[in-house]
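These notes concern the structure reproduced below.
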Amino acid sequence: DAGVTQSPTHLIKTRGQQVTLRCSPKSGHDTVSWYQQALGQGPQFIFQYYEEEERQRGNFPDRFSGHQFPNYSSELNVNALLLGDSALYLCASTPNIGATQYFGPGTRLTVL
Amino acid sequence: SQQGEEDPQALSIQEGENATMNCSYKTSINNLQWYRQNSGRGLVHLILIRSNEREKHSGRLRVTLDTSKKSSSLLITASRAADTASYFCATEGGGADGLTFGKGTHLIIQP
């Protein structure tokens with residue numbers, strides 16, 4: 001049983017560019033959440049997707065957007081990248097609200 | 001904003017000793033979860049304790065929850081070098097909400 005997978009592992013972009021990160025949830029999970037983790041900090045909630053719709057959103061600007069596909073996989077898009085967007089981006093999946101969230105290995109984004 | 005605050009920020013102990021980490025939070029919760037993270041990679045789920053529970057055990061782990069004090073503790077008994085990692089507490093409130101994490105405790109187990 002594959003766990004949560006994310007791609008790519010590492011990514012280097014320059015300021016102003018756009019980036020798309022991908023996540024496949026654990027088998028049987030239909031809810032996907034995205035988190036941003038800056039160096040030395042705990043993860044910060046970006047948003048959560050369920051039934052292909054954004055259900056909840058944290059305190060992130062509109063430059064951060066997402067999508068969930070019918071197979072429950074998800075994408076995180078960040079436009080107009082800033083140096084401060086450099087972080088580890090984590091995806092987590094869960095079968096329902098209040099259940100354990102399982103995290104993927106993350107995508108490390110570096111913005112130069 | 002981060003609701004959970006772990007204490008201490010860093011902890012270094014000898015292999016075989018017990019390690020205790022504490023977490024405080026600010027608002028009501030549905031559950032509290034503890035995670036481990038090695039070298040800035042993905043988070044590994046350790047244990048979930050619901051708001052109506054006071055204590056849970058899993059192997060060498062013991063978690064307590066005191067909702068009146070809005071605090072939780074994680075005890076790792078008989079520590080091993082492989083336990084060296086950062087440990088985070090995360091709370092989940094009512095509704096379709098994400099997890100709110102603290103800044104973590106960095107645990108170093110010295111052989």
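The values are calculated or read from the model by the stated rules, or taken from the named source; none is laboratory data. Fair warning: this is a prediction, and the values are worked out from it, not measured in the lab. Neighbour counts run over all protein chains shown; Cβ positions are idealised from the backbone, glycine included.
Here are a few things to note about the model shown:
- Wholly within region A:4-92, strands (runs of 3 or more DSSP E) carrying at least 3 residues that are closer than 24 Å to residue B:101 by Cα: A:5-7, A:19-24, A:31-37, A:44-50, A:53-57, A:64-68, A:74-78
- Residue selection: residue B:17 fails the criterion of being within 14 Å of another protein chain (Cβ to nearest Cβ), among the charged types (D, E, K, R) and touching a residue at least 60 places away in the same chain (Cβ under 8 Å).
- Top-ranked residue of region A:1-16 - restricted to ones that are touching a Lys or Arg at 6+ places or on another chain (Cβ under 8 Å) and hydroxyl-bearing (Ser, Thr, Tyr), ranked as nearest to the other protein chains (Cβ to nearest Cβ): A:9
- Index of the failed condition, residue A:79 passing every other in (1) at pLDDT 95 or above; (2) crowded, with 21+ Cβ neighbours inside 10 Å: (2)
- In region B:56-69, the condition of being within 12 Å of another protein chain (Cβ to nearest Cβ), part of a strand (DSSP E or B) and either crowded, with 17+ Cβ neighbours inside 10 Å or among the β-branched types (Val, Ile, Thr) (or both) is met by no residue.
- Qualifying residue in region A:89-105 (condition: over 22 Å from residue B:38 (Cβ atoms) and at pLDDT 95 or above): no
- Residue within region B:71-86 that is within 25 Å of residue A:35 (Cβ to Cβ) and within 14 Å of another protein chain (Cβ to nearest Cβ) present: yes
- Among the residues making up region B:70-111, a single one is part of a loop (DSSP other than H, G, I, E, B) and acidic (Asp, Glu): B:97.
- From the list A:7, A:65, A:74, the lone residue that is closer than 28 Å to residue B:34 by Cα, buried (at least 21 other Cβ atoms within 10 Å of the Cβ) and modelled with pLDDT of 95 or more is A:74.
- Test for residue B:47: is it touching a His at 6+ places or on another chain (Cβ under 9 Å) and either part of a strand (DSSP E or B) or at positive phi (or both): yes
To keep it simple, each residue is scored yes or no on (1) more than 12 Å from residue A:106 (Cβ to Cβ); (2) in contact (Cβ under 8 Å) with a residue 60 or more places away in the chain; (3) among the hydroxyl-bearing types (Ser, Thr, Tyr).
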residue: A:6; (1), (2), (3): no, yes, no
residue: A:15; (1), (2), (3): yes, yes, no
residue: A:39; (1), (2), (3): yes, no, no
residue: A:47; (1), (2), (3): yes, no, no
residue: A:52; (1), (2), (3): yes, no, no
residue: A:55; (1), (2), (3): yes, no, no
residue: A:60; (1), (2), (3): yes, no, no
residue: A:66; (1), (2), (3): yes, no, no
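- Restricting region A:40-49 to residues that are of a type in the set (Phe, Trp, Tyr) and farther than 10 Å from residue A:67 by Cα, the residue that is nearest to the other protein chains (Cβ to nearest Cβ) is A:45.
- Residue match in region A:72-80 (condition: free of Cβ contacts under 8 Å to residues at least 12 places away in the same chain and either over 30 Å from residue B:7 (Cα atoms) or at the interface with chain B (Cβ under 10 Å from one of its Cβ atoms) (or both)): no
- If you filter region A:17-37 down to residues that are small (Gly, Ala, Ser) and touching a residue at least 40 places away in the same chain (Cβ under 8 Å), you find that the one that is nearest to the other protein chains (Cβ to nearest Cβ) is A:33.
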